[in-house]
Amino acid sequence: MTEVSDGAVELVRVIRGDRIESVHRGHAVICDGTGAVLEAWGDPATVIYPRSSCKMIQALPLLESGAGRDLMDRQVALACASHQGAAIHTEAVSAWLSDLGLSEPDLRCGTHMPYADDAKSALIRAGEAPCQLHNNCSGKHAGFLTLSKHLGGGPDYVEIDHPVQIAVRRAFEEVTGMDSPGYGIDGCSAPNFATRLDALGAAMGRFAAAREGGGTRADAMARLTQAMGAAPELVAGEGRACTDLMRAMGGRVAVKTGAEAVFVAIVPELDRGVALKIVDGGTRAAEATIAALLVRLGVLDAAAPVARRLMEGPIANCRGTVTGRYEVALA
């Protein structure tokens, strides 16, 4: 593996014909249930924004506070989701808001076209604009609203000094084991707290080691992990890497992507947590690397269609001619 000045190492090569056409570099860690780093590539101490990969951490106060006591597991999964905006997602979030006595305008996530092709086409045909329910983070925000109502917070729950975000930051720093050096504003307008990659991996390791009956935090961690694995179609959607990987592993492992090529995994049967960041933000490289790390841990079959698709390709052109492949470089 070739190192560059920022400590990143070569993780994925893109090959066309017999020539390396592109290279993606990054950082990755595998941690145990105590948070200790077992294996690392690149610089484990690099500071990143976890983006949406940390949604299960952001949902911890929802469960620990008791605000989510009556939520169904499918709602818990949605609180961790970066979904496609398909009907299965928007209808569930709308019903959740209705249960709270709230509606779409109470969300603060903003609007974008749904990622699901059928939902996007339906809006275009009807001449309708998307609403905030279609935002891939609307489930997380429904969770924020549930917590805000429980805490008696005001309507602008994404503000850094709101009780919801104060609770999120506290949980984030406790499970990562370090004070966050700062925050940025995510695509959905919520604060996203920076941390080291090894601290994010340590948090995933702690989630993996959590068992029901281990106390309030362990109970919350275990339920979030279980809910994600049990409803992968809600966490992402059809054709998405998160959903396909969790299905291929029978729901035994929870995985979550984040913008700018961050990916995490929670592996309870091994008490292992995984975190990675591709420096150039290349999604294809993050997906290839997380699949390869799961294969390395023995929880994903290398011959599974999703594993081969993400780790190898093949890359095809518009006529269906195979023009290249991916190659993951985990030494």
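Some points to look at:
- Selection status of R247, in a helix (DSSP H, G or I), out of contact with any Phe, Trp or Tyr (no Cβ under 9 Å at 6 or more places or on another chain), touching a residue at least 12 places away in the same chain (Cβ under 8 Å) and open to solvent by 20 Å² or more (accessible area, probe 1.4 Å): yes
- In the range 74-122, residue surrounded by the fewest Cβ atoms within 10 Å (Cβ to Cβ) [restricted to those that are β-branched (V, I, T) and either closer than 24 Å to P191 by Cα or more than 21 Å from the chain's Cα centre (by Cα) (or both)]: T111
- Of the criteria (1) open to solvent by 10 Å² or more (accessible area, probe 1.4 Å); (2) farther than 24 Å from R223 by Cα; (3) in a loop (DSSP other than H, G, I, E, B); (4) at pLDDT 95 or above, which one L71 fails: (2)
Let's see how each residue does on (1) among the hydroxyl-bearing types (S, T, Y); (2) not in a loop (DSSP other than H, G, I, E, B):
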| position | (1), (2) |
| --- | --- |
| T90 | yes, yes |
| R108 | no, no |
| Y115 | yes, no |
| K120 | no, yes |
| N136 | no, no |
| G139 | no, yes |
| L147 | no, yes |
| E159 | no, no |
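- Residues of the range 313-331 that are open to solvent by less than 70 Å² (accessible area, probe 1.4 Å) and either touching a residue at least 12 places away in the same chain (Cβ under 8 Å) or not in a loop (DSSP other than H, G, I, E, B) (or both): G313, I315, A316, T323, G324, Y326, E327, V328, A329, L330.
- For H134, the criteria (1) within 21 Å of the chain's Cα centre (by Cα); (2) open to solvent by 20 Å² or more (accessible area, probe 1.4 Å); (3) under 21 Å from L224 (Cβ atoms) hold in every case but one, which is (3).
- Tallying residues that are in a loop (DSSP other than H, G, I, E, B) and open to solvent by 80 Å² or more (accessible area, probe 1.4 Å) within the range 293-312 yields 1.
For (1) modelled with pLDDT under 95; (2) farther than 18 Å from R25 by Cβ; (3) among the polar types (S, T, N, Q), each residue gets a yes or a no:
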| site | (1), (2), (3) |
| --- | --- |
| V267 | no, yes, no |
| V274 | no, no, no |
| D280 | no, no, no |
| T283 | no, no, yes |
| L300 | no, yes, no |
| A316 | no, yes, no |
| G324 | no, yes, no |
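- Residues in the range 21-37 that are assigned to a strand (DSSP E or B), open to solvent by 20 Å² or more (accessible area, probe 1.4 Å) and in contact with a Gly (Cβ under 9 Å, 6 or more places away or on another chain): E21, S22, R25, D32, V37.
- Residues in the range 252-286 that are in a helix (DSSP H, G or I), open to solvent by 10 Å² or more (accessible area, probe 1.4 Å) and of a type outside the set (V, I, T): P268, E269, L270, R284.
- Residue, surrounded by the fewest Cβ atoms within 10 Å (Cβ to Cβ), within the range 159-209, restricted to residues that are aliphatic (A, V, I, L, M) and more than 27 Å from I278 (Cβ to Cβ): I160
- Selection within the range 212-226 - under 21 Å from the mean Cα position of the chain (by Cα) and either farther than 16 Å from A77 by Cβ or open to solvent by less than 20 Å² (accessible area, probe 1.4 Å) (or both): R217, A218, D219, A220, M221, A222, L224, T225
The values are calculated or read from the model by the stated rules, or taken from the named source; none is laboratory data. What you see is a predicted model; the values in this text were computed from it and never measured. Here the Cβ is made from the backbone with ideal geometry for all residues, glycine too, and neighbour counts use every protein chain on show. Only protein heavy atoms, including side chains, enter the accessible area calculation; ligands, DNA and RNA are left aside. Shrake-Rupley method; radii C 1.70, N 1.55, O 1.52, S 1.80 Å.
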